[in-house]
Structures are given as C-alpha cells and as structure tokens.
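Structure first, then comments.
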Amino acid sequence: MSEELSGNEYRQQRIENMNKLEEAGFPAFGKAFERTARLAELHADFEAEKTVKACGRIVAIRKMGKMAFAHISDGSGKFQLMVKKDVLGEENFAAFKLLDLGDFVGVEGELFITRTEEETIRVSSWTLLSKALLPLPEKFHGLTDVETRYRQRSLDLISNPEVMEVFKKRTQIVKEIRNFLDGRGYFEVETPMMHQIAGGAAAKPFKAHYNALSTDVYMRIAPELYLKRLIVGGMDRVYEMNRNFRNEGLDRTHNPEFTALEIYEAFGDMRTMQELIQSMFTHLAETVFGKMEFEWMGNTINLTAPWREVPYYDLIKEHLGDDWFDKTLDEAKAKAAELEVHIEEGMDFKEVTHEIYDKTIEGTLIQPTFITRLPKELVPLANQCSDDPDLVDVFELIIGGKEIAPAYSELNNPIEQRKRFEEQAAGDGSKIDEDFLEALEYGMPPTGGMGIGIDRLVMLLTGSDAIRDVILFPQLKPRSL
C-alpha cells in the first residue's frame, strides 16, 4: 500500500509541476517540433558552434543553482544539454528546473564540447512537448522484472537500450529478407487471414464467427493452400510474410500468434529451397550482422554453408541403434519409457519413433542440419521420393536444437493429394479443402515450398533465449490468473 501511495505522490508532484509550467507559458502537451536531425545524426555530423534544433525524452537531469545539465533520448541515441540562467533568462530557466525525468522537450542551441569532452548543446531556447505524469522505472536505472517488462513494453524500451536494439535488428532482418527475395524475382503477396476451413498445417485453430456471412471461420494456421493456388494461376515465385495463429501452448519458443515466411517457386523442388535458405541466412548474417557465428542458448552456431544433411532414418539409427527398425512396438515403447518420453495410447511404431525423435534427438542438433526423407505420414502435402514411395522429398532445418524451417517438393498430384487428405481427415476429423483440390486439377507445375519461423530466426541471430524477447507484445496470461 505504501508503494502505491508513493506512486500517487510522485504523480501528484508532477501534476503540480505541470500546472506551474502551464502558468509560465509552457503548455503540457505541445505541437510538432521541427528538428535539425535525430540525435545520432548530430553526433555523426558534429560541428562545433553549429546551431541546431533537437528534441527527445529527458532521461537524466542534474539541476544546480544557475545551471542545469540533462540528457535527452529520441530512440536513435542520447545527447547532453547544458542550460544556463544567464542565457535563458530567469523565468525560462526557473521553468526548465520544473521538468521531470520522462518529459519530452525541444531545444535550440549551439553545439560545443565540454571540458569532459562530451558533445553538448548549449541551449538558447526550449519548449515543452509532452509532460510525463508517471516516473520512469527505477530512476531510469533499468526495468528488470521480466513480467513487468513484457506487460509494459513501453517502459522496457525506455529503460533497456539492448531491448530496443533487438527490435531494430528484427526490422533490419525482415527488410533484408524482402530485399533478398525481391532480388531473386519473387512476388510478395497477401492471402486471407480468416479461413472457412482450417488447413495448410496440423494445428488447433482459433475459431470466430463471421456475422455478415452467418458462418464460422478460423484464423489461419498457415497460408500454404492459398499460395499454391497462386502457383496454379501462373505466379511462378511468391512469398508471404504472414501472421499465423495456433491455439496451442506458450513456452520459450512458441507464441500462439507468430510471424512466418512462406515461399513457393514453380519448377523447383526441395533442393531449390535448400539452396535458397542457405543463401538467405548467410546473406542475413553477413549483411545485417557482419559475422557468421552466433551465440544462442549456450551454444556457438556457425552459419557457414554448406550445412549438414542427414536422412531421417539414418539419424534415428545414429541415436537408437542400427537395429531400431527391426524392433517391435513393445520394444519401442520400452525405449521411450527408458528415455522418459510420454507415449499416447494407440500410437504405432512410426509415431513412437517420431515422438522419441522429437523429444530426445532433435534437441541435440546444434549446428545447421537438414533432416531429409521423412515418412510420408508426417508430411501429407509433400511429394514422394522417387526411389521410395513411403518417404517424402522434404527437409526440416534444425539449428540450435530447434526447427527453423521445413521445405517440400510439393505434392502436385490432385488424386494423391485427395487420398492423403482423406486419410488425414479419417484420423483427426479435419475437413477437406475442395477448392484447393479443384485448383490442383487445373495443373500445378513441380514446385518447391518452404516455411520459415521468423521469430525463431530473430531469436537465433540476436541471441535471445525466449520468443517473448523478440515479439513486441507477446501473449500473456491475464493479470488475474
């Protein structure tokens, strides 16, 4: 209760200062301010005795008798201000001393370097742009409580410069992905976010109701089926940077609303996507970060191509023994129990094997690794391998023990696609997308397709251990829970 009262007292003091400032001719919430440049640019092009206009939030202030020093920040950097009574005049100087941390000001003055060799603006005039009624956290020494940081991202960005840097890097990464794909002749497209049939991936959807059409709809779990219809229509290289929604759990690498990149190239295949992602990731590493090695979750990861490739069954044998696929279902379940892997009732041998892979093997793959030739039951939208109809021509890219991207030689046989959809529907009750199947019957060329988890990619490249650190406003439990 005392902390709440203390907060109220701080707020009341700021309101009193606001009223005094308004009486002195400084409205609390001002108008646009035309600045010479952003603060980082003033530092970069510093020229002593040059008159400039600058603005930003006060992040530090030291008030003395006839002089005051302050630092302002505008998101690009910080700059020191020097304010003197004999320059501003008594009334304007007295008003400046009523300012609080967090207030936004605009200033005009001359650049100079102090005796401590700090680039500074000698303020000749100033104006109040916006009054902060609440104090910055911990006197601007940093906001450290994790829950508060995620719930109050505004304060997190103000208090922790490294957080701001992560999101600046995220923007650069996304921009450079677009530059890379555009340069290779891909078209960026947009497809619906509300679907009448939840399709394109195996996941539980969020459900809504469309009043105008009096029908239930689903927030998309993937845009795949729409993008393939564009390939049918003749758009031979397409991509979408999309928001997907999956009504599933929250953990260090999963958020129910997330960003994914899906890419499709006509007349390509899984190998086309393999070359594309290696080239894209090395391009991002070099262009945005200027390096190929990254620290992520306690591991040093080197993105230098070529990356390792290993067939799924060979990887299983590496970890579970060369005779694994000669074992019985009961022996497989016993091994799962030994490894403390939970097995659902009714799982067959392949499902038990994949559960062991998912829980105990995937996490050991630290350096970039393509897992190829997966069982067709795991990937119903991919083409079969030409030498084994029980396997599909795909890869799963694993980095740091996490799946970053799957890619397929896409299934373009509408008869086989219908068969697989029907098998999937018999297992999980899902609906069959007849519009997509009809589109396939008009003919889709051989196609390579790939999905990339942008949030996980940003985690890797910025060394972030939790997905909530790379999403500005992650999903959180309500405060009452």
Q: Return the pairs, sorted by first residue and then second, in which the second residue is surrounded by 21 or more Cβ atoms within 10 Å (Cβ to Cβ) and among the basic types (Lys, Arg), the first residue lies in segment 461-473 and is within 15 Å of Gly400 (Cβ to Cβ), the beta carbons are less than 8 Å apart, and the residues are 6+ apart or on different chains.
A: Thr462/Arg170; Ile467/Arg456; Val470/Arg170
Q) Residues of segment 74-114 being under 39 Å from the mean Cα position of the chain (by Cα) and free of Cβ contacts under 8 Å to residues at least 40 places away in the same chain, which ones? A) Asp74, Ser76, Gly77, Lys78
Q. Just one of Thr372, Thr353, Thr364 is touching a residue at least 12 places away in the same chain (Cβ under 8 Å) and either open to solvent by 20 Å² or more (accessible area, probe 1.4 Å) or on the phi > 0 side of the Ramachandran plot (or both); which is it?
A. Thr364
Q.
Please verify whether Lys66 is of a type in the set (D, E, K, R) and in contact with a Lys or Arg (Cβ under 9 Å, 6 or more places away or on another chain), treating the condition exactly as stated.
A. yes
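Quick check on this structure: which one of Glu318, Glu331 is part of a helix (DSSP H, G or I), open to solvent by 80 Å² or more (accessible area, probe 1.4 Å) and closer than 26 Å to Gln278 by Cβ?
Working: Glu331 fails: closer than 26 Å to Gln278 by Cβ.
Every option except Glu318 fails the conditions.
Among the candidates Ser76, Ser124, which residue alone is of a type in the set (Ser, Thr, Tyr), open to solvent by 20 Å² or more (accessible area, probe 1.4 Å) and part of a strand (DSSP E or B)? Write out each step before concluding.
Numbers: Ser76 fails: part of a strand (DSSP E or B).
Going through Ser76, Ser124 in turn, the sole match is Ser124.
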**Q.** Matching residues in segment 226-258 - criterion: being in a strand (DSSP E or B) and either open to solvent by 20 Å² or more (accessible area, probe 1.4 Å) or modelled with pLDDT of 95 or more (or both)
**A.** Arg237, Val238, Tyr239, Glu240, Met241, Arg243, Phe245, Asp251, His254, Glu257, Phe258
Q: Could you give me the residue pairs with C-beta distances under 6 Å whose first residue belongs to segment 385-402 and is over 26 Å from Arg420 (Cα atoms) and touching a residue at least 60 places away in the same chain (Cβ under 8 Å), whose second residue is assigned to a strand (DSSP E or B) and of a type in the set (Val, Ile, Thr) wherever it lies, and which are 6+ apart or on separate chains?
A: Gly400/Ile301
Q. Residue check: is Arg35 among the charged types (D, E, K, R), outside any helix (DSSP H, G or I), under 32 Å from the mean Cα position of the chain (by Cα) and farther than 15 Å from Gly102 by Cα?
A. yes
(Q) Quick check on my filter: what residues within segment 412-431 are modelled with pLDDT under 80, on the phi < 0 side of the Ramachandran plot and outside any helix (DSSP H, G or I)? (A) Ser430
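Only one of these is assigned to a loop (DSSP other than H, G, I, E, B), more than 17 Å from Met273 (Cα to Cα) and open to solvent by less than 70 Å² (accessible area, probe 1.4 Å): Leu476, Leu472. Name it.
Criteria check complete, one pass: Leu476.
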(Q) Suppose we keep only residues that are surrounded by 14 or more Cβ atoms within 10 Å (Cβ to Cβ) and in contact with a Phe, Trp or Tyr (Cβ under 7 Å, 6 or more places away or on another chain) within segment 181-193. Which one would you say is farthest from Tyr239 (Cα to Cα)? (A) Thr191
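Just checking, which of Ala40, Ala60 is surrounded by fewer than 17 Cβ atoms within 10 Å (Cβ to Cβ), modelled with pLDDT under 95 and not in a loop (DSSP other than H, G, I, E, B)?
Details: Ala40 fails: modelled with pLDDT under 95.
Within the list Ala40, Ala60, the selection yields Ala60.
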Q) Out of the residues in segment 295-306 that are under 17 Å from Gly363 (Cα atoms) and either in contact (Cβ under 8 Å) with a residue 24 or more places away in the chain or not in a strand (DSSP E or B) (or both), which is most open to solvent (accessible area, probe 1.4 Å)? A) Glu295
Q: Go through (1) in a helix (DSSP H, G or I); (2) open to solvent by 20 Å² or more (accessible area, probe 1.4 Å); (3) closer than 28 Å to Asn299 by Cβ; (4) not polar (S, T, N, Q) one by one and return the number of the condition Glu340 breaks.
A: (1)
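The values are calculated or read from the model by the stated rules, or taken from the named source; none is laboratory data. Keep in mind that this is a model prediction, so the values were computed, not measured. Please note: Cβ atoms are built from the backbone with ideal geometry, for glycine as well, and neighbour counts cover all protein chains shown. Remember, those area values only see protein heavy atoms, side chains included, never the ligands or the DNA or RNA. Shrake-Rupley method; radii C 1.70, N 1.55, O 1.52, S 1.80 Å.
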